[in-house]
Amino acid sequence: MKKALLAAACAAVATLGSTTAGFSDETCNSPFVEALIKGQEKYLQVWTLGMPGVGDESDKMVTIDVDPSSAKYGKVINTLSVGGRGEAHHLGFSDDRRYVWAGRLDDNKIFIFDLIDPAKPKLAKVITDFAEKTGYVGPHTFYAMPGRMMIQALSNPKTHNGETGLAIYTNEGELVSTHPLPLANGGDGYGYDIGINPQENLMLTSSFTGWNNYMMDLGKLAKDPEAMKNFGNTMVLWDLKSMDPKKVFSVPGAPLEIRWSLKPGDNWAMTATALTGKLWLIKQDDKGEWQAKAVADVGDPSKLPLPVDISISADAKTLWVDTFMDGTARLFDISNPEAPKEIYTKKIGNQVNMVSQSWDGKRVYFTTSLLANWDKKGAENDQFLKAYDWDGKQLVEKFSIDFNELKLGRAHHMKFSGKAQSAALGSEAAVSAR
């Protein structure tokens with residue numbers, strides 16, 4: 001039954017991929033996400049880590065009004081606490097955009113929020129048995145497929161190292177199948193992000209580290225030679241429909257976010273390596289063989305700037321790269337992906353992690369938290385969301401929300417949403433039937 005369900009989902013890949021790719025409002029969304037925002041985003045949902053002694057101390061979904069025409073523009077309009085602190089991390093829309101899935105890397109809980117009214121998300125379901133059912137821990141990336149949610153985990157409950165895999169759920173939250181990251185033919189078993197090119201029936205996965213490392217204090221980790229050996233150094237190219245690994249690439253230094261070019265006719269992707277400070281290109285060579293190669297440095301790699309999130313423009317001409325340690329956003333010209341060039345830099349804060357840009361590239365948002373035990377301490381512990389306009393030459397700040405001052409916690413991943421989505425996403429009657 002599980003194989004049949006997965007086969008049915010994958011059978012829809014080519015059709016859905018051709019109709020939805022190229023119309024997304026955030027350039028890092030799955031190409032299978034429908035009901036897209038094609039203009040101005042109205043709200044920003046920020047998945048936020050609770051902090052001991054701060055506010056209610058709970059992980060929470062924070063909703064911000066980002067509509068410039070609204071009287072509440074740049075203000076927090078809703079918070080929804082989920083209880084406890086489990087290392088809240090990433091978000092991902094379901095393919096119908098009705099729901100957003102959010103995971104916690106420590107206690108492995110997955111929260112499914114209903115966005116029928118995106119100004120006031122509702123908690124629809126909590127999955128508490130992810131580790132027991134999948135054999136993995138650290139649900140990280142949530143990537144929509146037709147009627148399914150693919151989840152990349154970071155670790156496992158037996159050794160808490162980096163050996164892990166992928167899990168596929170129905171949109172209703174029922175497990176369909178699991179797929180281990182390869183350990184043979186150069187594979188190291190580590191996972192992190194997912195990137196799919198539906199037109200080519202290809203999927204890329206990247207690699208990070210296991211629970212033992214990501215829950216350790218960063219200062220302690222950096223001084224532990226053995227622990228520093230336990231980071232992923234590979235990417236894997238998969239046949240999407242069969243979910244079979246096709247090739248393992250050597251990409252030293254923990255390759256993190258994956259961004260396929262969104263320009264029609266292109267067939268390449270990029271990532272950045274956290275520990276070695278480089279941009280990597282994954283592309284076919286003159287013989288049609290897939291290869292991965294380093295194409296640019298990010299800052300001064302010897303100073304360990306720690307590249308984290310990246311965001312590709314819709315026309316695949318530019319790439320935003322955030323570097324956590326120096327709190328800097330860098331813009332690269334990637335019109336020639338073989339030779340990216342840094343063309344703009346701006347210090348956002350003491351630390352910066354996630355970056356999201358609108359489809360038209362005119363608005364760019366930044367948040368600061370990486371991991372609770374990796375964030376800077378004391379006065380350098382910036383926790384904010386900042387919104388900028390990009391005029392083609394520079395970032396112009398529009399507003400900033402200080403999560404420390406508002407006692408909200410650590411601002412991490414964010415997603416855009418729009419007003420009055422009920423017409424596109426289904427009636428209340430349809431919701432109750434799910």
Practice task
Using amide H atoms built 1.01 Å from N in the peptide plane, name the residues 5+ places from Val137, or on other chains, whose amide H lies under 5 Å from its own.
Solution key: Leu154, Ser155, Asn156
Exercise for the section: Starting at the first residue of the range 56-72, write each ³J(HN,Hα) from the Karplus equation 6.51 cos²θ - 1.76 cosθ + 1.60 with θ = phi - 60°, in whole Hz, x for Gly and Pro. Expected result: 8, 6, 9, 4, 7, 9, 10, 10, 10, 7, 10, 8, x, 8, 8, 5, 9
Handout entry: Accessible area of the chain divided out per residue, in Å², using a probe of 1.4 angstrom
Key = 38 Å²
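Semi-axes, largest first, in whole Å: what does sqrt of 5 times each Cα gyration tensor eigenvalue give for the range 122-170?
Equivalent-ellipsoid dimensions as semi-axes: 20, 13, 9 Å.
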Fill in the blank from the handout: Under the 7 Å Cα-to-Cβ spin-label approximation, Ser400 and Asp224 lie apart by a distance in nanometres of 3.4 nm
Fill in the blank from the handout: Of the listed pairs Lys223/Lys377; Lys229/Lys346; Lys109/Lys223; Lys72/Lys346, those with alpha carbons more than 20 Å apart are Lys229/Lys346; Lys109/Lys223; Lys72/Lys346
Practice task
Would you mind getting me the FRET efficiency between Lys246 and Glu338? Use the beta-carbon distance for r and R0 = 35 Å, nearest 0.05.
Solution key: 0.95
Fill in the blank from the handout: Computed over the range 288-402, the distribution of all Cα-Cα distances in 5 Å bins, rounded to whole %, is 2, 11, 21, 23, 19, 12, 7, 3, 1, 0, 0
Fill in the blank from the handout: Spelling it out for Gly74: with amide H atoms placed in the peptide plane at 1.01 Å from N, the residues 5 or more places away or on another chain with amide H under 5 Å from its amide H are Asp65, Val66, Asp67
Handout entry: Alpha-carbon spread of the range 215-315, three principal axes, descending order, Å
Key = 45, 30, 24
Exercise for the section: Report the label-to-label distance for Lys362 and Leu123 in nanometres (one decimal), using points 7 Å from each Cα along the Cα→Cβ vector. Expected result: 3.8 nm
Problem - Approximate shape of the range 329-375 as ellipsoid semi-axes (Cα gyration tensor, √5λ), whole Å, largest first - result: 23, 14, 10
Completion exercise
Simple spin-label estimate for Asn381/Ala294, 7 Å along Cα→Cβ, in nm, reads 3.4 nm
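Give the peptides 307-313, 265-271 in descending order of average Cβ contacts within 10 Å, highest first. All intermediate terms of the calculation are to be shown ahead of the outcome.
Values: 307-313: 24.0, 265-271: 19.0.
So the peptides 307-313, 265-271, ranked by packing, come out 307-313, 265-271.
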Handout entry: Radius 9 Å from Cβ of Asp67, net charge of other residues (Lys, Arg +1; Asp, Glu -1)
Key = +1
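Would you mind calculating the gained length between Leu175 and Asp389 on full extension (0.36 nm times residue separation, minus the Cα-Cα distance), in nm to one decimal? It would help to have the intermediate numbers written out before the result.
Values: separation 214, 0.36 × 214 = 77.04 nm, distance 4.08 nm.
Gain on stretching Leu175 to Asp389: 73.0 nm.
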Practice task
Using a 10 Å cut-off on Cβ atoms, rank the peptides 154-165, 174-185 from the highest mean neighbour count down.
Solution key: 154-165, 174-185
Problem - Neighbourhood net charge (11 Å Cβ-Cβ; Lys/Arg +1, Asp/Glu -1) for Ile310 - result: -2
Problem - Cα-based reach from Lys263 at 18 Å (exclusive), listing lysines while leaving out same-chain residues under 8 positions away - result: Lys38, Lys283, Lys317, Lys362
Problem - Gain in span if fully extended, Ala184 to Lys407, counting 0.36 nm per residue against the direct Cα distance - result: 75.6 nm
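Per the 1.4 Å probe, what fraction of the accessible area of the chain, in percent, lies on carbon and sulfur atoms?
50 percent
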Exercise for the section: Find out how many positive minus negative residues lie around Val137, taking Lys and Arg as positive, Asp and Glu as negative, among other residues whose Cβ is under 14 Å from that of Val137. Expected result: -2
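Wrap a convex hull around the Cα atoms of the range 36-115, take a quarter of its surface area, and give that in square nanometres. Provide the component values of the computation, followed by the final result.
Details: hull surface 23.3 nm².
Dividing the Cα hull surface by four gives the mean projection, 5.8 nm².
Which value in deg cm²/dmol, rounded to the nearest 500, describes the helix-derived mean residue ellipticity at 222 nm for the chain, given -39,500 (n - 2.57) per DSSP H run of n ≥ 4 and division by the residue count? Kindly include the intermediate steps, with their values, before the conclusion.
Working: 8 runs with 45 residues, N = 434.
Taken over the chain, the calculation gives -2000 deg cm²/dmol.
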Practice task
Please report, to one decimal in angstroms, the Kirkwood hydrodynamic radius of the chain built from all distinct Cα-Cα pairs.
Solution key: 21.4 Å
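For the range 247-289, how big is Rg over Rh, using alpha carbon atoms and the Kirkwood form of Rh? Before the final figure, lay out the partial values.
Details: Rg = 11.4 Å, Rh = 11.4 Å.
Computed over Cα atoms, the ratio is 1.00.
The values are calculated or read from the model by the stated rules, or taken from the named source; none is laboratory data. As the structure is a computational prediction, the values presented were derived from the model and not from experiment. Quick reminder, even Gly has a Cβ in these numbers, built from the backbone with ideal geometry, and neighbours come from all protein chains shown. Calculation scope for accessible area: heavy atoms of the full protein, side chains included, ligands and nucleic acids excluded. Shrake-Rupley method; radii C 1.70, N 1.55, O 1.52, S 1.80 Å.
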